[in-house]
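To keep things clear, I will list the structure first and then write my remarks on it.
The values are calculated or read from the model by the stated rules, or taken from the named source; none is laboratory data. Keep in mind the model is a prediction, meaning the values are calculated, not measured. Reconstructed Cβ throughout: ideal geometry from the backbone, glycine too, with neighbour counts over all protein chains shown.
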Amino acid sequence: MIYTEAGQFSIRYSHDRRIFRLRQDRIGITALLLFAFAAVPLLGNDYWFSAILIPLLVLSLAGLGLNLLTGYAGQLSLGSAAFMAVGAFATYNFQLRVPGLPLLASMALGGVMAAGVALLFGLPSLRIKGFYLLVSTLAAQFFVEWFFTKFGWFSNNSASGVISAPPLLILGHDFSNPVGRYLLTLAVVVVVTALARNLVKSELGRNWMAVRDMDTAAAVIGIPLLRTKLLAFAISGFILGVAGALWAFTYLGTVEPHGFDLARSFQILFIIIIGGMGSILGNFLGAAFIVLFPVLLSQLSGSLLSGVIDAGQLENLQKIIFGVLIIAFLIKEPDGLARLWQIARERARVWPLRY
Amino acid sequence: MSASPHISNSNSKGSAPLLRLEHISLSFKGVKAVTDISFDVAEGAITALIGPNGAGKSSLLNVINGVYQAQHGSITFDGEVRRHMHPHHAAVRGIARTFQNIALFKGMSVLDNVLTGRNLKRRSSWLEQALRIGRAPGEDDAQRRHAEKVIEFLHIQPWRNSVVGKLPYGLQKRVELARALAAEPRLLLLDEPMAGMNAEEKQEMSSFIADVNREFGTTVVLIEHDIGVVMQLADHVIVLDYGKKIGDGTPDDVRNNPDVIAAYLGTRH
């Protein structure tokens, strides 16, 4: 009853294409955005901004980048962190070497660079599929990490290889404080997500899913496989590049190759597996799970078990519990958190009846 | 869905067939699937390919739209002679098909499946579509309007927004036909469109195929095992056995052909 589409008729095809077709969804998302932009900056503290909300948003964006490639276009990849690194380093170098270039423009250009690199590493997808493709994208991961460590020019020949991000200036406003960094991240994530949502509902999104579900049939109805797959790599690379730039500039505050290691790629893969493949919402749910759950777990175990087990052991125990919970969850709901949300929505639609 | 404009053009060209296969031979690592097959398909006709299992019928369809490449022979479609077809080229020239084991995009809705069938009719770029600017919105409307016509034609409106993988088999077959029709093909290749259906569903599917042929002038080549359906539907029957053509003619010719009877019923030795 509370989530019904009753009385909401699409009288134009364009109504059916809206990002949110149901009025309840539109009201909900507006409220959520208002809350995120207006209320959270007043309510939150620096710890929440810097340690939870910013990484949550950036990882959601990275998940979105990978989800377009893997969840929608069906191409497996373990090179996510590499494309993030390219985005971060390119943005840094654009800021450093092109005086006067606005920060957001540098980020977009960083994204374009990452798109180019992703396109290059996407070329094998025309010949190989599945796990073999996964291994070939692993090459991107190791190559990029080595490349930025080896060539000092990209990190401005800094001795440690770690460079601090410049202050975040947009139109003369300084966004370097925690609230500013949070708002900047949020704005970028919202815009990119809206575009991505449009994209997956467009012709290209359908072509991606067609290639994912049955590539022979896709070729037979005239979908160009080569172009479709490469566009998936490029667009995914772009979004990952922007996410990488945000990771370095708004979260870490430093740009270093080891911030983008294989563990990061796996983390992003887990986000989309837990959140839900082929779902935009899933990226946010998955990132929230990955970021919030360990925090919750450490708070919990800190208050319950401190003194009983020593701190080092406790940390390992947390990792074990976290891993077990992921496995248990995926056995129970292999389609991820987004599917749970979908089921809840169906229930709310007929509530208080059963069906 | 309006009848495609080129039909009147090619009729004026005379009686040249829409599709001509000449001496097609196809083998897989020495196993011969199809040996030296030639036949013509007239524009606007319904042609049935029949024959026992393993006769090479599906392989032949795959050669026609380029999923397989024959080692010998040539394919002439609408006046263009080619050694090999390529799936994309076939789609561009107006050849659409369905598959024996339903090849729908299972994770997508019926409407989305039908819309993918129209992907070649797009002119706007993906960037225009992502930003919803330029040609994209108008084109989206036009595509949707056409898809709705196909959906209406095949009576699948109630399932428009259902995920295809969860529909019953008979409906999936119909959705696959809808996806093929959405491309406004000149030649429609149907690989066992009625396999696994009950009598009622077969009757329904037959009348859809006959309607497509009559209303849009679409030329149809279909593979079917139910001889009753074939005799009722087809203008022209080609019989294959062990990769060779053993019969070619009207349904009545074929019915009385001793080789065909032998292939189907066996002979006394």
Within region B:120-129, identify whether any single residue is closer than 16 Å to A:M214 by Cα, modelled with pLDDT of 90 or more and within 7 Å of chain A (Cβ to nearest Cβ), and answer yes or no.
no
Hits in region A:276-304 (condition: in contact with a Leu (Cβ under 8 Å, 6 or more places away or on another chain) and of a type in the set (V, I, T)):
A:I280, A:I290, A:V291
Has region A:209-230 got any residue that is among the hydrophobic types (A, V, I, L, M, F, W, C), closer than 30 Å to A:I331 by Cβ, away from chain B (no Cβ under 13 Å) and part of a helix (DSSP H, G or I)?
no
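Take residues that are within 14 Å of chain B (Cβ to nearest Cβ) and over 30 Å from A:P294 (Cβ atoms) and tell me which of the helices (runs of 4 or more DSSP H) falling wholly in region A:2-54 contain 2 or more. Full working, then the answer.
Working: elements: A:13-16, A:23-34, A:40-43.
Where helices (runs of 4 or more DSSP H) fall fully within region A:2-54 and carry at least 2 residues being within 14 Å of chain B (Cβ to nearest Cβ) and over 30 Å from A:P294 (Cβ atoms), they are A:13-16.
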Select from region B:66-83 the residues that are over 11 Å from B:L26 (Cβ atoms) and away from chain A (no Cβ under 14 Å) and list them in ascending order.
B:S74, B:I75, B:T76, B:F77, B:D78, B:G79, B:E80, B:V81, B:R82, B:R83
How many residues does region B:103-117 contain that are more than 9 Å from chain A (Cβ to nearest Cβ) and either closer than 17 Å to A:L195 by Cα or in contact (Cβ under 8 Å) with a residue 60 or more places away in the chain (or both)?
2
Please enumerate the residues belonging to region A:106-131 that are out of contact with any helix residue (DSSP H, G or I) (no Cβ under 8 Å at 6 or more places or on another chain) and either in a helix (DSSP H, G or I) or among the polar types (S, T, N, Q) (or both).
A:L120, A:G130, A:F131
Give region A:247-289 a look and list any residue that's more than 25 Å from A:G180 (Cα to Cα) and not in a helix (DSSP H, G or I), or say none.
A:D261, A:G276, A:M277, A:G278, A:S279
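Just to be sure I understand, how many residues within region A:164-194 are in contact with an Asp or Glu (Cβ under 9 Å, 6 or more places away or on another chain), among the aliphatic types (A, V, I, L, M) and at pLDDT 80 or above? Even if it seems obvious, please write down each step before you answer.
Taking region A:164-194 as the starting set, the residues that turn out to be in contact with an Asp or Glu (Cβ under 9 Å, 6 or more places away or on another chain) are A:167-168, A:177-180.
Add one more test, that the residue is among the aliphatic types (A, V, I, L, M), and what stays is A:168, A:179.
If we keep only those that are at pLDDT 80 or above too, we end up with A:179.
So the count comes out to 1.
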Tell me which residues, restricted to region B:195-213, are within 15 Å of the chain's Cα centre (by Cα) and modelled with pLDDT of 90 or more.
B:M205, B:S206, B:F208, B:I209, B:A210, B:D211, B:V212, B:N213
Among B:I261, B:I246, B:I238, which is the only one that is within 20 Å of B:A42 (Cβ to Cβ) and modelled with pLDDT under 95?
B:I238
Within region A:177-208, take every residue that is closer than 25 Å to A:L64 by Cα and among the polar types (S, T, N, Q) and give me the one that is farthest from the other protein chains (Cβ to nearest Cβ).
A:T185
Give the residue that is surrounded by the fewest Cβ atoms within 10 Å (Cβ to Cβ), with candidates limited to residues of region B:130-141 that are facing chain A (nearest Cβ under 9 Å) and among the small types (G, A, S).
B:A130
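Any residue at all in region B:165-174 that's under 15 Å from the mean Cα position of the chain (by Cα) and not assigned by TED's automatic domain parsing to the domain that holds B:V63? Reasoning before the result, please.
Keep residues of region B:165-174 that are under 15 Å from the mean Cα position of the chain (by Cα), which gives B:173-174.
So of that shortlist, the ones also not assigned by TED's automatic domain parsing to the domain that holds B:V63 come out as B:173-174.
Checked region B:165-174: at least one residue is under 15 Å from the mean Cα position of the chain (by Cα) and not assigned by TED's automatic domain parsing to the domain that holds B:V63.
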Given the options A:L226, A:L195, A:L230, A:L184, name the one that is under 30 Å from A:S50 (Cβ atoms) and surrounded by fewer than 22 Cβ atoms within 10 Å (Cβ to Cβ).
A:L195
